[in-house]
1. Under 1.5 on a/c is rounded, so check that first for the range 39-91, then, if it is not, pick prolate when a/b is larger than b/c and oblate when it is not; a ≥ b ≥ c are the square roots of the alpha carbon gyration tensor eigenvalues.
2. For TYR58 and VAL29, FRET efficiency with R0 = 41 Å and r from the beta-carbon atoms, rounded to 0.05?
3. Report the calculated FRET efficiency for ILE47 and CYS17 (r = Cβ-Cβ distance, R0 = 30 Å), to the nearest 0.05.
4. Restricting to Cα pairs below 8 Å that are 6+ residues apart, what does the relative contact order work out to for the chain? Please round to a whole percent.
5. Compute for the chain: radius of gyration divided by Kirkwood radius, i.e. Rg/Rh, restricted to C-alpha atoms, rounded to two decimals.
6. Give me the net charge for the shell around ILE69: Cβ to Cβ below 13 angstrom, other residues only, Lys and Arg +1, Asp and Glu -1.
7. Positive end of the charge dipole of the range 1-72 (Lys, Arg +1 and Asp, Glu -1 on Cβ, about the Cα centre): tell me which of ILE19, ILE69, GLY3 has its Cα farthest that way.
8. Which chymotrypsin sites (Phe, Trp or Tyr not before Pro) from the range 26-61 combine a DSSP loop assignment with at most 14 other Cβ atoms within 10 Å?
Amino acid sequence: MGGVYFIMNDLIYFINCNIFTLNGRAVIVIFFFDWMSLLCRGFVFIISSLLIRYGDDYMYVYLNIFRFIMLVLIFVFSIIFLIVNPNVIIS
């Protein structure tokens, strides 16, 4: 829904976060939100929810289902981070 809102209003957001500064060098993380990144993020959430649902049904007798779900969520959040972060700039 956010992607459609960004298309209709022609919005783009840049968010700069200064992680830390060491010896005059700043590590800055840039988050870039536009309609394409929001739609890609939505598809990643849909696919990951289906994967977790299938894994829950498929591995119901597996003792470490919690570990499987945590690994999937870590993977999903890393993919989301790659989608909304164009790069890490050290200046």
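1. Oblate, since a/c reaches 1.5 and b/c is not below a/b.
2. That pair, VAL29 with TYR58, gives E of 0.70.
3. 0.65
4. 36
5. Dividing the radius of gyration by the Kirkwood radius yields 1.13.
6. Charge balance near ILE69 sits at 0.
7. Most positive-ward Cα: ILE19.
8. Those that pass, being in a loop and sparsely packed, are TYR60.
No lab work stands behind these numbers, since they all come straight from the coordinates. These numbers come from a predicted model, not from an experiment. Every residue, glycine as well, gets a Cβ built from its backbone with ideal geometry; the counts of neighbours run over all protein chains shown.
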